[in-house]
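I have a structure here, written as structure tokens, and I will follow up with some questions on it.
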Amino acid sequence: MLFDMDGTLVDSEKLWDIALQELAESYGGTLSDAARRAITGTSMAESMRIVHDDLGQPERDPAASAAWIDARILELFRSGLRWRPGAMALLRAVRAAGIPTALVTSSGRPLVEVALETLGRDSFDAVVCGDEVAAPKPDPEPYLTAARLLGVPIERCVAIEDSRTGVASALAAGAAVLAVPAEVPLPPTDGVHQLDSLAGADLDLLATLLERRAPAGRRG
């Protein structure tokens, strides 16, 4: 099992909203709804590019903006993370069944370390962070890396995602994909099973997704 983090397991997108809007305000502007939707699921570097372009300030240093966001979001994460509906129960069921499990996130390691205080460090056999891969989502590398670390063929893995970027990454890797949109609606996509909430997911559904999955994309 391969779980995304933000918007999938924890309701952290609202915290990102706060940090991103505060950054925009510190630059004298307001982040548009379209830009916020475009940011969902992207790497930090791409997120900062979107913010700067949206504010009409492309000359700003993305590294400086990223450092500001990192510090602020850490504060917000430490104040407490809430589970997405059904996420805790599904993760616990997967672990109780002895299924190899990885966390695959675009967030950086320092932030993930804080999130693991809520998620549980023993909930995952492997953790792949956005700052630990050469090519982040939507590239397939994060999911291929996770499958390799688990020692499980990617075509025998189910990836659970909430964003277009994450879904694209998982599909390109060759995993079966369960999509549970959080902040941004997802279009129907071949090879992707979509639910409104993880409260409707169980081990039987995950097994069914593997049995009926569409032909895989890239293998690794």
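Read-outs throughout are calculated quantities, based only on the coordinates presented, and are distinct from any laboratory measurement. Not measured: the values here are computed from a predicted model. Cβ coordinates were reconstructed from backbone atoms using ideal geometry, including for glycine residues, and neighbour counts include every protein chain displayed.
Find the all-direction average of the projected area of the Cα convex hull for the stretch 151-195, expressing the result in square nanometres with one decimal place.
3.0 nm²
Calculate the dipole size of the stretch 53-184 relative to its Cα centre from +1 charges on Lys and Arg beta carbons and -1 charges on Asp and Glu beta carbons; express the result in debye to the nearest 20.
Rounded to the nearest 20 debye, it is 600 debye.
Another question, then. Once the cut-off is 29 Å, how many percent of the Cα-Cα pairs in the chain end up in the long-distance tail?
Counting pairs separated by more than 29 Å, the tail of P(r) holds 22 percent.
Explain nothing, just the number: dipole magnitude of the stretch 70-141 about its Cα centre with +1 on each Lys and Arg Cβ and -1 on each Asp and Glu Cβ, in debye rounded to the nearest 20.
Rounded to the nearest 20 debye, it is 400 debye.
How big is the convex hull of the Cα atoms of the stretch 12-79, per residue, in Å³?
Normalising the Cα hull of the stretch 12-79 by residue number yields 74 Å³.
Zone of residue 210 (label point 7 Å along Cα→Cβ, backbone N under 16 Å): which residues in the stretch 166-184?
174-178
If you line up the Cα atoms of the stretch 54-122 on their principal axes, what length do they span on each, largest first, in Å?
51, 23, 21
Along the stretch 95-102, what does the Karplus equation 6.51 cos²θ - 1.76 cosθ + 1.60 (θ = phi - 60°) give for ³J(HN,Hα), rounded to whole Hz, x for Gly and Pro?
5, 5, 7, x, 7, x, 9, 10
Now a separate question. For the pair residue 96 and residue 71, how long in nm is the line joining their label points, each one 7 Å along Cα→Cβ?
About 4.4 nm, to one decimal.
log10 I(q)/I(0), Debye, Cα-only the stretch 1-117, no solvent, q = 0.17, 0.19 Å⁻¹?
Relative scattering, expressed as log10 I(q)/I(0), comes to -0.84, -1.00.
Next up: About the Cα centre, and with charges only on the beta carbon of Lys, Arg (+1) and Asp, Glu (-1), how big is the dipole of the chain? Nearest 20 debye, please.
580 debye
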